[in-house]
Amino acid sequence: SASITPETIIQRGAILCTLIDAIEFAGHRAEVICNHATSNYNSLAHRQGMHKAQGWFEVSVTVKKSSQPLDISDLAYCLAHPSMLRKMMFSIAEFEGWSDYSEYYGYPAEATDKGDLYVQEIFSGTIQDNEAISWLIKQLIKLDINIDLPSDYLVSAEDKNN
């Protein structure tokens, strides 16, 4: 969304880089795919891909294959640099003619293929560090990655499912 600040993009990207680093550090291999899905309309149904025939553009770029070692610099550019969307994804959309078809490059939408771990588009500002840490821990738990938690951190059944 055009209203998202560079600080928010950097923060969310850093959180994702940390998650991927933790997954790989735990001995699991990760494949990272950057997806740019756009709907021509802003309704929830359109953004969820229920009316793709009325205007939909989607491109997925594999940033890291599971067989590749983690290059945090490449990952940080793709996930945390504010210019990534404009320089890479918008240029592909323009090449494909989407920018001639849709007003304002369309609206952020959900990816068709969500993989094992899916992070939706950003519609809010920066978050507190404790929220980011909590989210990271929940994602690792969902992936059945065992981590040592401080004794004062309790993980409820609800946390494991969110």
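Loop-located trypsin sites (Lys or Arg not before Pro) in the stretch 54-96 (DSSP state other than H, G, I, E, B) with a sparse environment of at most 10 neighbouring Cβ atoms within 10 Å are absent. Extension gain for residue 42 to residue 54 (0.36 nm times residue separation, less C-alpha to C-alpha distance): 3.2 nm. For the chain, modelled as a GNM with alpha-carbon contacts under 10 angstrom, which of 96, 31, 121 fluctuates the most? With Cα springs under 10 Å in the chain, the top fluctuation among 96, 31, 121 is at 96.
Listed peptides 139-147, 73-81 appear in the order 73-81, 139-147 once ranked by packing, highest mean of other Cβ atoms within 10 Å at the front.
Here the contact order of the chain, divided by its residue count and restricted to Cα pairs under 8 Å and six or more residues apart, works out to 31 percent. Accessible area per residue was computed with a 1.4 Å probe on protein heavy atoms; residue 119 scores about 70 Å². Each part reduced to its alpha carbon centroid, the stretch 34-61 and the stretch 1-31 end up 22 Å apart. Using the Cβ of residue 92 as centre and a radius below 13 Å, the other residues enclosed give a net charge of -1, where K and R count +1 and D and E count -1. Helix content alone sets the calculated 222 nm mean residue ellipticity of the chain: runs of n ≥ 4 DSSP H residues at -39500 (n - 2.57) each, divided across all residues, give -10500 deg cm²/dmol.
Just so you know, the averaged projected area of the alpha carbon convex hull for the chain sits at 10.4 nm². Residues in the stretch 141-146 carry Karplus couplings, in order, of 5, 4, 8, 6, 9, 7 Hz; the curve used is 6.51 cos²θ - 1.76 cosθ + 1.60 with θ = phi - 60°, and Gly or Pro positions show x. Summing charges over all other residues whose Cβ lies under 12 Å from the Cβ of residue 29, with Lys and Arg as +1 and Asp and Glu as -1, gives -1. In the chain, the portion of solvent-accessible area held by carbon and sulfur atoms comes to 52 percent [1.4 Å probe, whole percent, DNA, RNA and ligands not counted]. Accessible surface calculations at 1.4 Å, restricted to protein heavy atoms, place the chain at 64 Å² per residue. The residues neighbouring residue 48, those whose beta-carbon lies less than 15 Å from its own, together hold a net charge of -1 under the Lys/Arg +1, Asp/Glu -1 convention. Relative to the current alpha-carbon distance between residue 33 and residue 76, full extension at 0.36 nm per residue lengthens the span by 14.2 nm.
The values are calculated or read from the model by the stated rules, or taken from the named source; none is laboratory data. What you see is a predicted model, and the numbers here were worked out from it, not measured in a lab. No Cβ is skipped: glycine too gets one built from the backbone with ideal geometry, and neighbour counts run over all protein chains shown. Just the protein is used for accessible areas: all its heavy atoms, side chains included, with ligands, DNA and RNA removed. Shrake-Rupley method; radii C 1.70, N 1.55, O 1.52, S 1.80 Å.
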